[in-house]
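S.K.: Before we start, here is the structure in question, set down as structure tokens.
The values are calculated or read from the model by the stated rules, or taken from the named source; none is laboratory data. Since the model is a prediction, treat every value here as computed from it, not as a measurement. Quick reminder, even Gly has a Cβ in these numbers, built from the backbone with ideal geometry, and neighbours come from all protein chains shown.
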Amino acid sequence: MNLVWLRTDLRLFDNPALYLACQTGQGTRVVYCATPQQWQEHHEAPAKLGLRSQLLTNIQQRLHQLGISFEVIRADRFNDLPELIFEYCQKHQISDLWFNSEIPHNERLRDQQITQHLHTADIVCHPCENEFIVPQAQLRTQQGGVYKVFTPWYRLWLNRLAQHPVELFPEPAAQGAPIASPTHPIELPGSDTYRHDLWPGTESAAFECLQKFCNERLHHYIERRDFPGIHGTSILSPYLASGAISPRHCVQLIQETHAHYGTDWLEDPWLRELAWREFYRYLMLNFPSLSRDQPFKPETRFLLWEDNAQLVEAWKLGKTGFPIIDAAMRQLHQTGWMHNRLRMLTASFFTKLLLEDWHIGESYFMSQLIDGDFPSNNGGWQWSASTGCDASPWFRVFNPVRQSEKFDSDGSFIRKFVPELGELDSKSIHNPPEKLRKCLGYPQPIIDYKDARERVLTRFENLKAMNLT
């Protein structure tokens, strides 16, 4: 009997572990392990757990239609899983455990411990590659080393991708007569309501979202992706983060779309974004310290951060007095999601202008985001803080007012999420005068941009000087 263990791969199509297990000709069961205490330690957002609950409910129904048993089993933490899974295997006479490998250090350690524990009972574990579009072992420098800069890595990544077609795993065939599903939906511990109107919790909805993006917006992505007031991005990230759709599936749709229009899919700008997602995974796999709260650039451990709880709270609540920053943070609270450019701006504001430790912002985003993805979130925050690999130059400090004027010129995005500024014209909305702020009940800026910019540049200059001595 096979046991398939689902993790962040909540789909039937292009699921290597599920398909390969079902191909063996033995019986197959499927489980998902709830670990609420571990999720809390990893800052998993209630909205993300809410989406995951609906995806699991949908998976249970579909697997049961295929005659494949599915259930959720519970432990508190990863450390409890070796014994729990061992007991489950003994109870159901499991001979083989199948799972798709994950990248972060805690997850890899968990899998090692379980594999070792099951080996003592002659239960064979089958880890499958699932995270990478291009196998990371193929992505080495000419000297056999690990890439530390995106651009040369990306050139090789494209080369390998062009040479080897993406192969997707079909949905498994029926394994027996249908099984009756429970009438009540699955509710994971710690889950909460989420914007299911934006992200219905089914694999078919994820595929429809991908198709719609490729059909309607992919060819305009490069011109529209930076403007939060325009529906120009894919909004697929919640589905990718929970594994309702695979990145390989996304590449296939990119290829099909460009084939239809007779254009070069290797030049596609959204493909580059998928590559960035993969690059952060490549880094976390090859530099495990990234999973343990360490900056990629070791010298930045000595950067002197501020510790102003009041300013951090204003940032969290969207009350900084900088309209584009506040609109972005309120979008996060209302939807569990934030536009990618705004993630960069709010993280830069937090780390460069407030000079607050990036770890705080990183964990807060994870606690709120429906698409919280540890490698990508960590990579993005370290990029913004100039502590990471291929990071933003330390002397780049975004001016939030100028960014607002450039990417939300008519103020439509600000009006949507900061309604107290809704009646202002498209010029004053980006930085309302002091008197107008008082009348509208909108806060004054919590920092002076010029002073804050000089402060962070001085801090990095001091750090640079310290490294030279």
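S.K.: Six or more apart or on different chains, Cβ atoms under 6 Å: show the pairs whose first residue is in region 224-243 and within 29 Å of residue 191 (Cα to Cα) and in contact (Cβ under 8 Å) with a residue 40 or more places away in the chain and whose second is among the β-branched types (Val, Ile, Thr) and buried (at least 18 other Cβ atoms within 10 Å of the Cβ).
M.R.: 238/370; 239/245; 243/8
S.K.: In region 101-132, what residues are farther than 22 Å from residue 41 by Cβ and surrounded by 15 or more Cβ atoms within 10 Å (Cβ to Cβ)? I'd like the intermediate steps shown before the answer.
M.R.: Let us first name the residues in region 101-132 that are farther than 22 Å from residue 41 by Cβ, namely 115-116, 118-130, 132.
The answer is 115, 118, 123, 125, 126, 127, 128, 130, 132.
S.K.: Does region 29-50 include one or more residues that are surrounded by fewer than 18 Cβ atoms within 10 Å (Cβ to Cβ), at pLDDT 95 or above, β-branched (Val, Ile, Thr) and out of contact with any Gly (no Cβ under 9 Å at 6 or more places or on another chain)?
M.R.: no
Okay, residues lined up against (1) among the hydroxyl-bearing types (Ser, Thr, Tyr); (2) at pLDDT 95 or above; (3) within 22 Å of residue 339 (Cα to Cα):
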{"site": "419", "(1), (2), (3)": "no, yes, yes"}
{"site": "426", "(1), (2), (3)": "yes, yes, yes"}
{"site": "438", "(1), (2), (3)": "no, yes, no"}
{"site": "455", "(1), (2), (3)": "no, yes, no"}
{"site": "462", "(1), (2), (3)": "no, no, no"}
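S.K.: Considering each residue of region 432-466, count those that are farther than 17 Å from residue 399 by Cα and among the charged types (D, E, K, R), and give that number.
M.R.: Matching residues across region 432-466 total 7.
S.K.: Next up: Contact list please: Cβ distance under 6 Å, first residue in region 362-373 and modelled with pLDDT of 95 or more, second residue surrounded by fewer than 19 Cβ atoms within 10 Å (Cβ to Cβ), pairs at least six apart or on different chains.
M.R.: What qualifies is 363/43; 366/43; 367/43.
S.K.: Next up: State whether one or more residues within region 149-168 are among the acidic types (Asp, Glu) and closer than 21 Å to residue 61 by Cβ.
M.R.: Looking through region 149-168, none of the residues is among the acidic types (Asp, Glu) and closer than 21 Å to residue 61 by Cβ.
S.K.: To continue, here is another question. For residue 296, work out the one condition from (1) closer than 26 Å to residue 413 by Cα; (2) touching a residue at least 24 places away in the same chain (Cβ under 8 Å) it doesn't fulfil.
M.R.: (1)
S.K.: Residues to consider are 292, 272, 281; find the one that is within 13 Å of residue 375 (Cα to Cα) and either touching a strand residue (DSSP E or B) at 6+ places or on another chain (Cβ under 6 Å) or modelled with pLDDT of 95 or more (or both).
M.R.: Residue meeting the stated conditions: 281.
S.K.: Working only within region 2-18, note down all residues that are in contact with a strand residue (DSSP E or B) (Cβ under 9 Å, 6 or more places away or on another chain) and either assigned by TED's automatic domain parsing to the domain that holds residue 336 or buried (at least 20 other Cβ atoms within 10 Å of the Cβ) (or both).
M.R.: Of everything in region 2-18, those that are in contact with a strand residue (DSSP E or B) (Cβ under 9 Å, 6 or more places away or on another chain) and either assigned by TED's automatic domain parsing to the domain that holds residue 336 or buried (at least 20 other Cβ atoms within 10 Å of the Cβ) (or both) turn out to be 2, 3, 4, 5, 6, 9, 10, 15, 16, 17, 18.
S.K.: Separate question: Taking into account only those residues within region 181-238 that are basic (Lys, Arg) and surrounded by fewer than 17 Cβ atoms within 10 Å (Cβ to Cβ), which is nearest to residue 71 (Cα to Cα)?
M.R.: So, considering only residues that are basic (Lys, Arg) and surrounded by fewer than 17 Cβ atoms within 10 Å (Cβ to Cβ), the one nearest to residue 71 (Cα to Cα) is 195.
S.K.: Determine whether region 60-67 contains at least one residue that is without any contact (Cβ under 8 Å) to a residue 40 or more places away in the chain and in a helix (DSSP H, G or I).
M.R.: No, the conditions are met nowhere in region 60-67.
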